[in-house]
Amino acid sequence: MDFRFTDEQMARRKEFLEVCVELEKLKPAEFIGFESTYNYDSCWEYDRHCAKEFAKRGWLTLEWPPEYGGSGTMMDRVLFSEARGYHGIPGIDVFGVGMLAPTLLAAASEEIKKEFLPPIAAAEITWCELWSEPNAGSDLASLTATAVKKGDEYILNGQKTWTTGAHKADWGFGVFKSDPEARSHHNLSFLLFDMKTPGITVRPLPYMNGETIYNEVYFDDVHVPAKNIVGQENEGWAVVNTLAGFERSNIDQIMGMVRGLETLVAYCNETKRNGQPLAKDPLIRNRLAQTACDIEAARTLAYRVADLQNRHEMSLMDASSLKIFASDLGERLALLATDILGPYGQVKLSRWAPMNGYWEALYDECFVFTISMGTNEIQKNIIAWYGLGLPRMK
C-alpha cells in the first residue's frame, strides 16, 4: 500500500484532531480509559456529550451510503478512530455505531433501516451486544437461549453473560436459537429489542476492583416484535459473520498505546532514581525502545488492514493477526509501565498516583482485549485453518 495521505485526507485528519483536542479539555478526572464510561455518571455524560458533537458533524455516519445520511470513506473512519484513540475520546457507541449500523446497512430490511439508523446517527440511543452465554462464548453456535415465534412476536428465554454496558444501554441486539431441530449454524436468528422490555433482568458482574462493565442478562418470556429480526429467520449466523467483518484496524487502541508510551517516556525523563533520570537506565531504555518498535509495527499493520478492507481484499486472517499482535502488545505495555512505576503504579484517584492512575487501570483491564471480540486462541485457529490451510484436529 501507499502510506502517503492525500491532501484531502490530511485535511480531514487535521479536522478530526482539532475537535478531539478540544473535547479532551472537558474530560472528567474519573475518565481513565474506555471502560470508565460505564462506571461513573460524569464519564457517561461526557461520552454522550462527545457523541452529540460527533453526530452534528456527521462523523457517526462515515462511510454510510448517502441515502442514509452517510459521507466519507473507510479511510475517513480510520483517521477519525486514530484521532479519538490518541486523545482518549469516547463518544462512539462501539456496538451501535461500530457494529450494528453497518450490519443493518448490509443485511436488514428497509423498514428496519429506516427505524433504527436515524437514532444511531443522531446519538439518541445506545446499544449492547448479547452474544455470549455461560456455556457459549468462543463457540457461539452452541448457545441455548431461545426465540420461539408465536404469531407476530418472538418469545425470548435464556441467559446471556459478559454483556458490556447492558446496565446503560437503551437497546440490545443478540442471537437466539429459533429452531431447536435445525442443524448447527442454521438455527439462529438475529433480533433487536428494547432493554426495558418486561422480562429482561440485568445483573452486574463487577471486576475485583468494584467497577462494573459486564453484566448477566436474563430473558423470561420476553416479547419482541417479529419485525425486529435482521436477515432471515434461522440464518442469524450469516448476520453474525457480516457484523464481524467491519472496521477491524484497531487503530484507536493502537493510538492509545502511542499516547500511553509518550507519557511513560516523559515520566522516565522527569523521574530520578539515585540522582539519575530513569531514562538513563539502560534496561529501561531498551525496554521502552523495543515497545516503541512494536507499537510502530502494530500501527503499520493497522493501516494495512484498513487499506485491504477499503479495497475489499481483507481476509479473516489479516484481522485475526492484527488482533492477536495488538492485544498481546497492550498487555506487554501495561506490564512494562507497572514495572517502571513500582508500588505507585498500583494507586489511582490519589495525589500519589502517577498519571492519575492511568496505568493502574490499564493493568487491571489489559487482559480484556485478549478475550473480547474472539479470544486470541480462537484467532490463532482462524489463522491456522483459513490462512495457512492447516487441518483441524479430530
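The values are calculated or read from the model by the stated rules, or taken from the named source; none is laboratory data. Keep in mind it's a predicted model, so treat the numbers as computed, not measured. Positions of Cβ are backbone-derived with ideal geometry, glycine not excepted, and every protein chain shown enters the neighbour counts.
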| Does MET255 satisfy being closer than 20 Å to SER372 by Cα, touching a helix residue (DSSP H, G or I) at 6+ places or on another chain (Cβ under 9 Å) and surrounded by fewer than 19 Cβ atoms within 10 Å (Cβ to Cβ)? | no
| Condition test on TYR303, is it crowded, with 16+ Cβ neighbours inside 10 Å, hydroxyl-bearing (Ser, Thr, Tyr) and in contact (Cβ under 8 Å) with a residue 60 or more places away in the chain? | yes
| field | Checklist (1) modelled with pLDDT under 95; (2) touching a strand residue (DSSP E or B) at 6+ places or on another chain (Cβ under 8 Å); (3) among the small types (Gly, Ala, Ser) applied to GLY137, failing item | value | (2)
| Criterion violated by ALA107 - all others in (1) within 20 Å of the chain's Cα centre (by Cα); (2) surrounded by fewer than 22 Cβ atoms within 10 Å (Cβ to Cβ); (3) within 30 Å of ALA238 (Cβ to Cβ) satisfied | (1)
| Identify, please: which residue in the stretch 110-135 is charged (D, E, K, R) and surrounded by 15 or more Cβ atoms within 10 Å (Cβ to Cβ) and is, among those, farthest from ALA55 (Cα to Cα)? | GLU133
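Say we look at the stretch 12-44 and pick out the residues that are hydroxyl-bearing (Ser, Thr, Tyr) and assigned to a helix (DSSP H, G or I); which of these is surrounded by the fewest Cβ atoms within 10 Å (Cβ to Cβ)?
Here the residue is SER42.
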| query | In the stretch 373-394, what count of residues is obtained for those that are touching a residue at least 24 places away in the same chain (Cβ under 8 Å) and at positive phi? | reply | 2
| In the stretch 166-189, residue surrounded by the fewest Cβ atoms within 10 Å (Cβ to Cβ) [restricted to those that are assigned to a loop (DSSP other than H, G, I, E, B) and of a type in the set (S, T, N, Q)] | SER184
| request: Give me a count of the residues in the stretch 86-114 that are assigned to a helix (DSSP H, G or I) and either under 18 Å from MET74 (Cβ atoms) or in contact with an Asp or Glu (Cβ under 7 Å, 6 or more places away or on another chain) (or both). | output: 11
| message | If I ask for residues that are surrounded by 13 or more Cβ atoms within 10 Å (Cβ to Cβ) and farther than 23 Å from TRP131 by Cβ, which ones from the stretch 350-383 would you list? | response | ALA353, PRO354, MET355, ASN356, GLY357, TYR358, TRP359, GLU360, ALA361, LEU362, TYR363, ASP364
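Which one of ASN286, ASN241, ASN269 is surrounded by fewer than 14 Cβ atoms within 10 Å (Cβ to Cβ), touching a helix residue (DSSP H, G or I) at 6+ places or on another chain (Cβ under 8 Å) and either assigned by TED's automatic domain parsing to the domain that holds PHE190 or in a helix (DSSP H, G or I) (or both)?
Values: ASN286 fails: touching a helix residue (DSSP H, G or I) at 6+ places or on another chain (Cβ under 8 Å); ASN241 fails: touching a helix residue (DSSP H, G or I) at 6+ places or on another chain (Cβ under 8 Å).
Residue meeting the stated conditions: ASN269.
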| said: If I go through the stretch 1-28 residue by residue, how many of them are touching a residue at least 12 places away in the same chain (Cβ under 8 Å), more than 22 Å from the chain's Cα centre (by Cα) and closer than 15 Å to PRO90 by Cβ? | reply: 1
| message | Pairs please, first residue from the stretch 103-127 and in contact (Cβ under 8 Å) with a residue 12 or more places away in the chain and polar (S, T, N, Q), second anywhere and surrounded by 15 or more Cβ atoms within 10 Å (Cβ to Cβ) and in a helix (DSSP H, G or I), Cβ atoms under 8 Å, 6+ apart in sequence or on different chains. | response | THR103/VAL239; THR103/THR242; THR103/LEU243; THR126/GLY96
| query | Looking at the stretch 63-72, is at least one residue crowded, with 18+ Cβ neighbours inside 10 Å and assigned to a helix (DSSP H, G or I)? | reply | no
| request: Can you confirm whether the stretch 193-201 contains a residue that is at positive phi and in a loop (DSSP other than H, G, I, E, B)? | output: yes
| message | Which pairs turn up if I take residues in the stretch 308-329 that are closer than 23 Å to ASP76 by Cβ and look for partners that are modelled with pLDDT under 95 and basic (Lys, Arg) with beta carbon separation below 6 Å, at least 6 apart in sequence or on another chain? | response | ALA319/ARG248
| request: Residues that are more than 24 Å from THR37 (Cβ to Cβ): find the helices (runs of 4 or more DSSP H) completely inside the stretch 301-394 holding 2 or more of those. | output: 316-341, 376-382
| Would it be correct to say that ASP76 is over 28 Å from GLY357 (Cα atoms), surrounded by 18 or more Cβ atoms within 10 Å (Cβ to Cβ) and among the acidic types (Asp, Glu)? | yes
